[in-house]
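The values are calculated or read from the model by the stated rules, or taken from the named source; none is laboratory data. All values derive from a computational prediction rather than experimental measurement. Because the Cβ atoms are built from the backbone with ideal geometry, glycine has one as well, and the counts that use them run over all protein chains shown.
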Amino acid sequence: MMGQLPASQNALFYEFCLEKHIPEDHLLRQIDQFLDFDQIRQHLQPFYSSTGRPSIDPELMIRMLLVGYCYGIRSERRLCEEVNFNLAYRWFCRLGLESEVPDHSSFSKNRHGRFRDAETFRYVFEQVLKHCIDADLVRGEGFAVDASIVKADASRQRHREDDDDWGNGRAVREYIEALEADNTPTGKSTRKISPTDPAASYTAAPGGPAFYAYSTNYLIDTDHGIIMDVEPSTANRTPEVETTKIMVNRVENRFRIKPQRLIGDTAYGTAAMLNWVVEEKHIEPHTPVWQKYEGKDGLFGRADFTWDAEADCYTCPAGKTLQRYRRNFKKQRTGINKDNNIRYTALQADCAACKYKSRCCPRVPRRKITRSIYESSREVARAVAQTPAYKKTRRQRKKVEMLFAHMKRILKLDRLRLRGMSGAHDEFLLAATVQNLRRMAKLLSQPPPNCRIDAPA
């Protein structure tokens, strides 16, 4: 017999409980147990007036934003629609069936106002990180650092060519204010500048056509892949490396956690960076040493020359010395150039008569070697690279790349929606917060027996 759909919608009274319709293993239910907004309310209290009409609950707005980033809902207009119809989203946001969902414009007004003034997203991220630390998901033995390029909300075909063609957007105003704060002139620039997002960098680093982008920098704990800190920067190597210092110092100051070792790729193996890690922070560098030239095409490299610290000279394979100076000066000189390097040169007569000249300096009359003033820190990194622990940390560094892939493919943050460095800051912080929440939900809700989960949630 053919069945018939009952006309249950004609009932006069309903008994409906959202709590009963959300599965116990639902992701939002697992995440919800790690959120505590009582302290966030106290944090935001000075930024709200004590008079006038009641505003939208900040907890509601933050919960809705977390839902959007958790499920890759990039549009706030669409987010409001999804929360309006999805029961799980309503339950997570503490909304009843008849509760009204805020308008999408409210997010922009609060983001550019009190949320940014109070550093709300940074505060939420650190509160979630405290939960991770309290749950023993952070050991603090090894930190890994890396950066990933994310496209900016700017057309790569358009760029500013005239000094007066700046526009009047919020991102432009923030950029000009930053320039004025640094006392940097706003005249002609050698790089392409987007008229809609001037702070974005024009880069072709990933390969292919160039585009405007920012870099997100992650500092993670290698034990469970918890993100310890996140910081935006321009899509250039130098700012990315310098951002590492900010993140390591901030974690140490706010959480009293300093790693025993710092893991990074070759970009973080510059002499100045290694000196900061070794001499200033006393951290073991698990980073390949960046070397500009190292015996290419069968030629002698630096490793083929012997360093004598007492005599302050190098000895070549033929037994000749390379010295800093060949004569005495009335006024003492350091010999340190602007790159913090010291040049050691051989005698031209020695090189001309040397049987190894074709393998040492075939195109120049004499051999030269530059030695960094931070060479001792570089030697420490080279010694660490020969240990068995170094091979293990090389594999652990992949966890950062996995988090970047998770951010772009699962969270759909492969292109920024907000403009300016402050917009990139907000988006990267929210994405990192969601990643830590998903990580905790995976590890603490159903902890695996005596094994580690390396893949992001």
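A few notes on this one:
- Evaluation of Phe37 against (1) at pLDDT 90 or above; (2) crowded, with 17+ Cβ neighbours inside 10 Å; (3) among the aromatic types (Phe, Trp, Tyr) (one fails), failing number: (1)
- Among residues that are touching a residue at least 24 places away in the same chain (Cβ under 8 Å) and surrounded by fewer than 16 Cβ atoms within 10 Å (Cβ to Cβ), Ala272 is included.
- Wholly within the stretch 362-438, helices (runs of 4 or more DSSP H) carrying at least 1 residues that are surrounded by fewer than 20 Cβ atoms within 10 Å (Cβ to Cβ), within 15 Å of the chain's Cα centre (by Cα) and not aromatic (Phe, Trp, Tyr): 398-409
- Qualifying residue in the stretch 302-321 (condition: of a type in the set (Ser, Thr, Tyr) and over 30 Å from Ser358 (Cα atoms)): no
- Positions within the stretch 130-144 being in contact with a Lys or Arg (Cβ under 9 Å, 6 or more places away or on another chain) and crowded, with 19+ Cβ neighbours inside 10 Å, in sequence order: Cys132, Leu137, Gly142, Phe143, Ala144
- Within the span defined as the stretch 65-74, every residue fails to be assigned to a helix (DSSP H, G or I), more than 20 Å from Leu416 (Cα to Cα), among the aromatic types (Phe, Trp, Tyr) and modelled with pLDDT of 90 or more.
- The criterion of at least 1 residues that are touching a residue at least 12 places away in the same chain (Cβ under 8 Å) and under 23 Å from Ser49 (Cα atoms) is met by the following helices (runs of 4 or more DSSP H) wholly inside the stretch 80-175: 105-110, 120-134.
- On inspection, Pro259 does not qualify as farther than 30 Å from Ser194 by Cα and in a strand (DSSP E or B).
- As a summary of the residue check, Arg409 satisfies the conditions (1) in contact (Cβ under 8 Å) with a residue 60 or more places away in the chain; (2) over 14 Å from Ser215 (Cα atoms) except for the one numbered (1).
- One residue stands out among those in the stretch 33-58 that are in a helix (DSSP H, G or I) and either among the β-branched types (Val, Ile, Thr) or touching a Leu at 6+ places or on another chain (Cβ under 9 Å) (or both): the one that is nearest to Leu437 (Cα to Cα), which is Ile40.
- Lone unmet requirement of (1) free of Cβ contacts under 8 Å to residues at least 60 places away in the same chain; (2) under 28 Å from Ala346 (Cα atoms) for Lys398: (2)
- Positions within the stretch 153-168 being at pLDDT below 75 and out of contact with any strand residue (DSSP E or B) (no Cβ under 8 Å at 6 or more places or on another chain), in sequence order: Glu161, Asp162, Asp163, Asp164, Asp165, Gly167, Asn168
- Checklist (1) surrounded by 18 or more Cβ atoms within 10 Å (Cβ to Cβ); (2) more than 22 Å from the chain's Cα centre (by Cα); (3) not polar (S, T, N, Q) applied to His104, failing item: (1)
- Elements of type strands (runs of 3 or more DSSP E) in the stretch 195-237, at least 2 residues being closer than 24 Å to Arg139 by Cβ and either polar (S, T, N, Q) or at pLDDT below 95 (or both): 211-221
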